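First up is the structure itself, then whatever we jot down about it.
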Amino acid sequence: MNGFDERDTVFSRMELKPGTTRYQEYYIAHPERRATDDAARAASSEHSDDPWNRRLVEAGFGLLEDLRPLARGPAAAHRTDLPPEAATAFLRRLAEAHGATSFGVAALDDRCFYTTRGRGAEYGSPVVVPGRLGIVFAVPMNRGELAGAPSPRASAEVVNAYLRVALVGLVLARCIRAWGHPAACTMDGRADLVLPLAAWRAGLGALGRSGLLLTDAYGPCARLGAVVTGLPLAPTAGPSNRTSRVCASCGRCARGCPARAIDAGPPTDDGRYRPVDHDACFAQWRRTGTDCGLCIVECPLSRG
């Protein structure tokens, strides 16, 4: 597949330990990233105030780590076949029952997938997916909890949303496997898909200049999850650009970004924006001691 190598993401690179073989091999291949990454590792990442929410963030990510082995599993030996339209409607109701407010299904091309694992014990392994259909969904975040971003309280809401969206994905994947069909859940720390792009393909919203998906209901104030499956399903509405005109004429996220990681210029003729500078964004996280979120708070489309 001609997708994305997860080893190149900033979160994967931050897991590389100086002196290890992985560290040496990666920076031999990418020497231009070594100084920037080493500076990010050396920066403080501990927020001095609000230990209650800080511990909540750690607990939430710890729970997500415990849940990741459940993202995959064997399909039941007895296969249950449903008409694609009926299966899609059933899974939509199930997702909504567990908190999803947006839901879509799309046949995905190579650009939506990661090609190589970049985190944990699977580092360097090829990404093997159980199908080419993506079930993509979103859960809203509480904008009031994010209002003070960057802060541990805002970070706690982010990790809580990761947990809510992981639950939806795990339930859907488990249901599909119980029907005898393969399915894998994409969740924080274990991604098969580049979620904003897959969600755009599935009709959940438009791609914003912040690099986030602007959902039709909540703008960027939502977290995405997905299930990849071989179960025959009926694709839902195609790519949506409903919110793109607002984004093109706004620029508040770019002006409010303390790292200047978001391009303030107009979109290109094909409606795309210059990619976000993720290295600058993450360096700002390290300087503040917590993830930022100002691009979400600044967006006039954010609701929740």
- Message: Among the listed residues Arg111, Arg92, Arg72, Arg79, identify the single one that is closer than 19 Å to Asp188 by Cβ and not acidic (Asp, Glu).
- Response: Arg72
- Item | From Ala71, Ala43, Ala39, residue being surrounded by 13 or more Cβ atoms within 10 Å (Cβ to Cβ), at pLDDT below 95, under 26 Å from Asp291 (Cβ atoms) and touching a Lys or Arg at 6+ places or on another chain (Cβ under 9 Å) | Ala43
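Looking for whichever is among the aliphatic types (A, V, I, L, M) and outside any helix (DSSP H, G or I) here; the options are Leu70, Leu64, Leu56, Leu16. Which one fits?
Every option except Leu16 fails the conditions.
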- Message: Where the second residue is of a type in the set (Val, Ile, Thr) and outside any loop (DSSP other than H, G, I, E, B) and the first is under 12 Å from Pro140 (Cα atoms) and touching a residue at least 12 places away in the same chain (Cβ under 8 Å) and lies in the range 203-227, which pairs have Cβ atoms under 6 Å and are six or more apart or on separate chains?
- Response: Pro220/Ile296; Cys221/Ile296; Ala222/Thr215; Arg223/Val139; Arg223/Val165; Gly225/Val165; Gly225/Val168
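Yes/no per residue for (1) touching a Cys at 6+ places or on another chain (Cβ under 9 Å); (2) of a type outside the set (Asp, Glu); (3) without any contact (Cβ under 8 Å) to a residue 12 or more places away in the chain:
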position: Leu231; (1), (2), (3): no, yes, no
position: Ser249; (1), (2), (3): no, yes, yes
position: Cys257; (1), (2), (3): yes, yes, no
position: Ile262; (1), (2), (3): yes, yes, no
- Item | Counted residues, the range 74-89 - those being surrounded by fewer than 15 Cβ atoms within 10 Å (Cβ to Cβ) and in a helix (DSSP H, G or I) | 3
- Query: From the list Leu163, Leu197, which one is more than 20 Å from Trp52 (Cα to Cα) and either outside any strand (DSSP E or B) or among the acidic types (Asp, Glu) (or both)?
  - Reply: Leu197
- Message: Please determine whether any residue of the range 149-159 is more than 21 Å from Glu298 (Cβ to Cβ), in contact (Cβ under 8 Å) with a residue 12 or more places away in the chain and touching a Cys at 6+ places or on another chain (Cβ under 8 Å).
- Response: no
- Per the filter on the range 190-199, residues over 22 Å from Asn142 (Cα atoms) and more than 9 Å from the chain's Cα centre (by Cα) are Arg190, Asp192, Leu197, Ala198
- Here are some residues: Ala71, Ala59, Ala100, Ala106. Which one is in contact with a Pro (Cβ under 6 Å, 6 or more places away or on another chain) and either closer than 29 Å to Asn142 by Cβ or among the acidic types (Asp, Glu) (or both)? Ala106
- Checking Gly148 against (1) surrounded by fewer than 21 Cβ atoms within 10 Å (Cβ to Cβ); (2) touching a strand residue (DSSP E or B) at 6+ places or on another chain (Cβ under 9 Å), which single condition isn't satisfied? (2)
- Does the range 277-286 include one or more residues that are aliphatic (A, V, I, L, M) and either within 30 Å of Ala39 (Cβ to Cβ) or surrounded by 16 or more Cβ atoms within 10 Å (Cβ to Cβ) (or both)? yes
- Query: Within the bounds of the range 173-188, is there any residue that is at pLDDT below 95 and either assigned to a loop (DSSP other than H, G, I, E, B) or among the hydrophobic types (A, V, I, L, M, F, W, C) (or both)?
  - Reply: yes
- Query: Name the residues in the range 100-128 that are over 17 Å from the mean Cα position of the chain (by Cα) and part of a loop (DSSP other than H, G, I, E, B), would you?
  - Reply: Asp109, Tyr123, Gly124, Ser125, Val128
- Item | Selected residue [more than 30 Å from Ala183 (Cβ to Cβ) and either among the aliphatic types (A, V, I, L, M) or touching a strand residue (DSSP E or B) at 6+ places or on another chain (Cβ under 8 Å) (or both)] from Ala254, Ala217, Ala198 | Ala254
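The values are calculated or read from the model by the stated rules, or taken from the named source; none is laboratory data. Everything quoted here is computed from the prediction, not taken from an experiment. FYI the Cβ positions are ideal-geometry reconstructions off the backbone, even for glycines, and counts take in every protein chain you see.
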